[in-house]
Amino acid sequence: MNTHEYINLENKYNAHNYKPLDVVLERGSGVWVWDVEGSRYMDFLSAYSAVNQGHAHPRILKAMVEQAARLPLTSRAFRNVQLPLLAKELCELTGFEMMLPMNSGAEAVETALKMARKWGYQKKGVSAGKAEIITCAGNFHGRTTTIVGFSTESQYQDGFGPFTPGFVNIPYGNSEALEAAITPDTVAFMVEPIQGEGGVLIPPNGYLKKVREICSRHHILFMADEIQTGLGRTGQFFACDWEGVHPDVVIIGKALSGGFYPISAVLTSQDVMDVFQPGDHGSTFGGNPLACAVAREALQVIVDENLIENAQQQGLYMMERLSEINSPHIAQVRGKGLLVGVELIPEAGGARRYAEALKQEGILCKETHHVVLRFAPPLVITRDEMDWALTRIEKVFATLKN
């Protein structure tokens, strides 16, 4: 079948809850993907940062195939050999004492929310049913009904209420607002170090350090959602590392498997994790041996191939080149590492048409919040590949008119 036939088939039988670019991909390798007609594109989105290690990385593929042939799933009714090894390696790599594995990022966020509430009741002494968690305007932590309930994006909420109570929303990047919002019933503050879906929004310098100090002083959990920003994406292992802060809880997912298989995790101390007892929380697939084997190799690839250092170097170069583009349509270029947003002025006609024009030049990216182009190539990208992409991005901004 050709592209048009695949699109018609999807539109007929699949839910219309996404508006993808009209390209039908069938294979990938490194930073490149190919469509059903054989056209090649550079992936400048990395499946929303899930393929930091590049498409179809051979080492991760080998680990997946070998484990799939041995034992893909046990459920948590029994133990398996891969989960304890992943737990040890991940904790030693990140400096946390314990982890709890799940599947999707949203599941890991839900896990952290449950954990924070129970910690508040058991360890802080908050009265039953009164726990409050502070979140930020512009957040994107997932799509479950609890999570969209504390979103400030109206479309994410429209038609899905009533929502779970117990959440307080404050402006992003404002430590004074955090201080003012804390009450005796506050148990946690959950924040993205960089708001990726929100438009690659970066808080002021020193914000995370101030958050750490405030949370410690008020005895509340500092929970960092690093699902998109973690595992090397910003040029540090975690985006919080840029300010040298250690949250009480870190939530990871996406690139934890290099794009091969859903796995996420919540990282924290033994004191916090111990609020969970058998029967309190779980998942049939969470911590399955196939996911854990894949994650172990995916993490090792990040370390062995110096992907964090490459993200920092290539990201600085990309930001420099993008900032030099002389286009009246660009309002701002911002980012860290290989997570970069190009915000357009309202008169530019929307970021979607730029994404479509870039597709015609062989680059796949996606708009967010209508006026921001998000650029996030795999961390394996080379300087030559970056130059290839930037030349085409510069061309599109030079030629695309109102």
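Cβ crowding within 10 Å, taken as a proxy for footprinting-reagent exposure, orders THR145, THR399 from fewest neighbours to most as THR399, THR145. What aspartates and glutamates does LYS209 reach when the alpha-carbon gap must be under 15 Å and sequence neighbours fewer than 8 apart in one chain are set aside? Partners found: GLU176, GLU179, GLU192, ASP241, GLU243, ASP248. For the pair THR152 and LEU400, the difference between a 0.36 nm per residue extended length and the Cα-Cα distance amounts to 86.1 nm. Measuring r between the beta carbons of GLU324 and GLU176 and using R0 = 35 Å, the FRET efficiency lands at 0.50. Straight-line cross-link reach from LYS88 at under 21 Å between alpha-carbon atoms covers these lysines, not counting any fewer than eight positions away in the same chain: LYS254. Scalar couplings 3J(HN,Hα) for the stretch 71-77, obtained by applying the Karplus form with A = 6.51, B = -1.76, C = 1.60 to θ = phi - 60°, are 6, x, 8, 10, 6, 8, 5 Hz; x denotes Gly and Pro.
Model label points for SER29 and LYS130, set 7 angstrom from Cα along the Cα-to-Cβ axis, are 6.3 nm apart. Working note: Karplus 6.51/-1.76/1.60 with θ = phi - 60° gives the stretch 138-153 the couplings x, 5, 9, 10, x, 10, 6, 5, 4, 5, 5, x, 10, 6, 9, 8 Hz, where Gly and Pro are set to x.
Computed from phi, the 3J(HN,Hα) profile of the stretch 131-136 under the Karplus parametrisation 6.51, -1.76, 1.60 (θ = phi - 60°) reads 4, 10, 10, 8, 10, 10 Hz, with x in place of Gly and Pro. Taking other C-beta atoms within 10 angstrom as a stand-in for reagent exposure, LEU85, LEU358, LEU290 fall in the order LEU85, LEU290, LEU358, fewest first. Apply 1/(1 + (r/R0)^6) to the Cβ-Cβ distance of GLN332 and GLU92, taking R0 = 45 Å, and write down the FRET efficiency to the nearest 0.05. Efficiency computed from Cβ-Cβ geometry: 0.70. Annotation for TYR317 and GLU66: the two label points, set 7 Å from Cα along the Cα-Cβ direction, are 3.2 nm apart. Approximating the spin labels as points 7 Å out from Cα along Cα→Cβ, the THR144-to-ILE345 distance works out to 4.4 nm.
Ordering GLY287, VAL245, LEU344 by the projection of their Cα atoms onto the charge dipole of the chain, which places +1 on the Cβ of Lys and Arg and -1 on the Cβ of Asp and Glu, puts GLY287 at the extreme positive end. Each of GLU320, GLU343, GLU297, GLU153 has some number of other Cβ atoms within 10 Å of its Cβ, and from fewest to most they run GLU320, GLU153, GLU343, GLU297.
On the beta carbon distance between TYR121 and HIS4, with R0 = 45 Å, the FRET formula returns roughly 0.20.
Other residues whose C-beta falls under 9 angstrom from the C-beta of ARG374 contribute a net charge of -1, scoring Lys and Arg +1 and Asp and Glu -1.
Pairs from the list LYS62/LYS395; LYS62/LYS114; LYS130/LYS210; LYS12/LYS336; LYS130/LYS336; LYS19/LYS395 with a Cα-Cα gap above 28 Å: LYS62/LYS395; LYS62/LYS114; LYS12/LYS336; LYS130/LYS336.
Every number in this text was worked out from the coordinates using simple rules, so none of it is lab data. As the structure is a prediction and not an experimental result, all values here were calculated from the model. When we count neighbours, we look across all protein chains shown, and the Cβ atoms used for this are built from the backbone with ideal geometry, even at glycine.
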